[in-house]
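Everything on this sheet refers to the single structure shown next.
The values are calculated or read from the model by the stated rules, or taken from the named source; none is laboratory data. Remember, predicted model here, so these are calculated numbers, not experimental data. Note: ideal-geometry Cβ built from the backbone for every residue, glycine included; neighbour counts use all protein chains shown.
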Amino acid sequence: MNTLRARLMILLATVLCALTGLSLVAYLTGAREEDRLETAFAEELAFLADLPAQRARLRQIDFDADNFLLTKREDWLLRRRAAVEDYRRWHAALGERLHHAAQTDEWRDVGGAFEDYVAAQDAVLDRARAGGMTHAETLRLALAKDAVDAIVERMSRVGSLGYQRLDEQRRAARRATLATFALVLAIGLLGAAAVSLATARIIVSPILKLRDQAADWSLGRPWPGGTDALPAELGQLTATIRAMADKLNEQYQREHQANLLKSQLVSGVSHEFNNALAVIHAAQALLRENEPSAAAAPWHDMLAANVRALSALATNLLNLGRIESGKFAVETSAVDLAPLLKSALDRLAIIAKRKKLAVALEIAADLPPVSADPDALALVVANLLTNAFKYTHEGGAVTLGAARRADGRVEVFVRDTGIGVAPEDRQKIFGGYYRTERGKREAKGFGVGLALSRMILEAHGAALALDSEVGRGSRFSFALDQFSPVAPSAVARR
C-alpha cells in the first residue's frame, strides 16, 4: 500500500465517508424537525378549526338560558342542559390534543371559568323558576354577556399560545439546522485541510526533495539520496532520474576524455606547426635578403602574409588548447591602448593591402590606461582584425578604434563592411569550431578565433558584443576597466 494512489484513495474515501455520514445526519435531523413542525402545525390547525364550534356551543348555552328567562318554557332548559354536556365533552376532547404546558394550563382555566359560569347561571335559572326575579332583573341578566365574552377571550388566548409554540418550534428547528450545517461545514473544512496536509506530505514534500536533489546535482557526481522512504511512484521516478544521471555522467566522462585528447592533440599539432612556420619564416627572410629585386618583392610579400596567417591560426589553436586544459592565464597590468592597437593594425596591414581595403584607426584623445594582459589583448585585437579582413570584400572598409564610455570603461571596437552574421548564427560563432556556410565560402579557417577571443575577454571580466546585419557588415566590441594600481591580479581561465 506504499503507493501514492493507494494513500490518496484511502484518505479521500475516509473524508468522503465522514462527509456522507454527516450529510445524512444533517438530512435526518432536518427531516425530523420538519416532520415535527408539520405534525404540530396540523394539530394546532385542527384545534384552531374546532375553536369556532366550541365558541358557538358556548353562545348556544347562553342563548338557551336567555330564552328560558324570557319565556319560562322548560324545553329551553332541556336544550341548555344538552348544550352544556356537549360543550364539556368537546372541551375534554380538545384538551387531549394539547401537549404544550402553557396551552394545557390555559385550557384548564377555560374549563374552570366555564364551570363557574354554568354554576352561576344555574343559580339564576333556579331563582327564575321559583319566581324570585323581577322582569327588569330578568332582562338585565339576559343582556349581560361579560362572562361569556371573558371565556371566549380566554379561548382565543389558547390559540395565541399555539401560534407562539409553533414559532418556538420553527426557531428551534432553524437553530438545529444551522448547527448541523455548521458542523458539516467544520468537518468539511477539517477534511479539506487534512487532504491538503496529506497531499503536501505525500506528494509535494517528496517532489520538493527531488527538486533540491536536482539542484544540488552536477555532471560527474552521482545522484544524491535514496528511494526507501518514498512512495512507489516517486521511488520509480527517482530511480529513473538516477539512471538518466548515470548515463549523463558516463557520456560526460567520455566527452571529457575526448576533449582532453583533442586539446592535447590540437596543442601538439599547433606547436609543431608553429615550429615549421618559424623555419619557413626564417627561410623567407633569408630569401628576401638574397633576392631583394623589385620583381621578387610581391612574391616575398605574399609568402610573408600567408606565413603570418598560418602562424595566427596555429597560435589560436595552441592558445585555445591551453585555455581548455586550464594552462592559460592572464596577467593584468596598465595597458596603453593607442600603441597596442596601432601595432596590431601595422602587423596585419599587408592582408588589407592585398584586398585593397580602406583601413582606419579611430582612437579618442586622452584615453586612460586599461587593466588587461597586453599579450592576450593584442591576440584578441589581432583575431578581430583578421576576421574583419577575411570576410570583407575587396574595396571594403575596416575601422579599428577605442573610446571612453559614459560608465567610465573604455570600449574597443572593430567595424567592417563585410558579409555580416545572421541572427541565428550569432551565438554559435562564439562557441568554437563553428563557421557559417557563407563564411566557409569566403575564407578558410578553423572557426576558433572568436571563441578564443571571447574566453580571453571573459578572463578580463569583459564580454564580446556583436552588432551585425547580413550583407552590410559587423561591429565587434568589448569594454575594459580603467587601470587601478590598487588591485592588479592574475586570472586563470579554464
Restrict the check to segment 318-332 and report whether at least one residue is modelled with pLDDT of 65 or more, closer than 22 Å to Met455 by Cα and exposed (fewer than 15 other Cβ atoms within 10 Å of the Cβ).
yes
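From the list Thr104, Thr3, Thr14, Thr20, which residue is among the β-branched types (Val, Ile, Thr) and modelled with pLDDT under 75? Step through it out loud before you land on a result.
On the way: Thr104 fails: modelled with pLDDT under 75; Thr14 fails: modelled with pLDDT under 75; Thr20 fails: modelled with pLDDT under 75.
Matching residue, one of Thr104, Thr3, Thr14, Thr20: Thr3.
Do you know which residues across segment 330-364 are over 19 Å from Thr392 (Cα atoms) and among the β-branched types (Val, Ile, Thr)? Lay out the reasoning, then the answer.
Taking segment 330-364 as the starting set, the residues that turn out to be over 19 Å from Thr392 (Cα atoms) are 330-343, 363-364.
Hits for segment 330-364 are Val330, Thr332, Val335, Ile363.
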Yes or no: segment 119-127 includes at least one residue that is modelled with pLDDT of 75 or more, surrounded by fewer than 13 Cβ atoms within 10 Å (Cβ to Cβ), more than 30 Å from Glu44 (Cβ to Cβ) and among the charged types (D, E, K, R).
yes
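Let's see how each residue does on (1) outside the structural domain of Leu98 (by TED's automatic domain parsing); (2) in a helix (DSSP H, G or I); (3) over 24 Å from Asp149 (Cα atoms); (4) of a type in the set (Lys, Arg):
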site	(1), (2), (3), (4)
Leu22	no, yes, yes, no
Ala31	no, yes, yes, no
Glu34	no, yes, yes, no
Ala42	no, yes, yes, no
Phe47	no, yes, no, no
Pro52	no, yes, no, no
Asp64	no, yes, no, no
Arg79	no, yes, no, yes
Scope segment 375-398; condition surrounded by fewer than 17 Cβ atoms within 10 Å (Cβ to Cβ) and in contact with a strand residue (DSSP E or B) (Cβ under 9 Å, 6 or more places away or on another chain); matching residues:
Asp375, Gly395, Ala397
Might you check whether a residue that is in a helix (DSSP H, G or I) and either more than 30 Å from Gln169 (Cβ to Cβ) or not assigned by TED's automatic domain parsing to the domain that holds Gln169 (or both) occurs anywhere in segment 99-110?
no
Checking Gly225 against (1) modelled with pLDDT under 75; (2) in a helix (DSSP H, G or I): exactly one of these is not met. Which one?
(2)
The one condition Asp167 fails out of (1) within 41 Å of the chain's Cα centre (by Cα); (2) loosely packed, with under 12 Cβ neighbours inside 10 Å is (1)
Matching entry among Glu115, Glu85 (being surrounded by fewer than 17 Cβ atoms within 10 Å (Cβ to Cβ), within 20 Å of Asp146 (Cα to Cα) and out of contact with any helix residue (DSSP H, G or I) (no Cβ under 8 Å at 6 or more places or on another chain)):
Glu115
Being more than 46 Å from the chain's Cα centre (by Cα), of a type in the set (Gly, Ala, Ser) and at pLDDT below 90 narrows it down to one of Ser484, Ser453, so name that one.
Ser484
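Would you mind stating whether Leu197 is modelled with pLDDT under 80 and outside any helix (DSSP H, G or I)? Walk me through how you get there before you give the answer.
Details: modelled with pLDDT under 80: yes; outside any helix (DSSP H, G or I): no.
Judged against the criteria, Leu197 is not a match.
Scan segment 465-481 for residues that are without any contact (Cβ under 8 Å) to a residue 60 or more places away in the chain, in a loop (DSSP other than H, G, I, E, B) and surrounded by 14 or more Cβ atoms within 10 Å (Cβ to Cβ) and jot them down. Talk me through it step by step, then tell me what you get.
Step one: list which residues in segment 465-481 are without any contact (Cβ under 8 Å) to a residue 60 or more places away in the chain, which gives 465-472.
With in a loop (DSSP other than H, G, I, E, B) added as a condition, the list becomes 470-472.
Selection gives Val470 alone.
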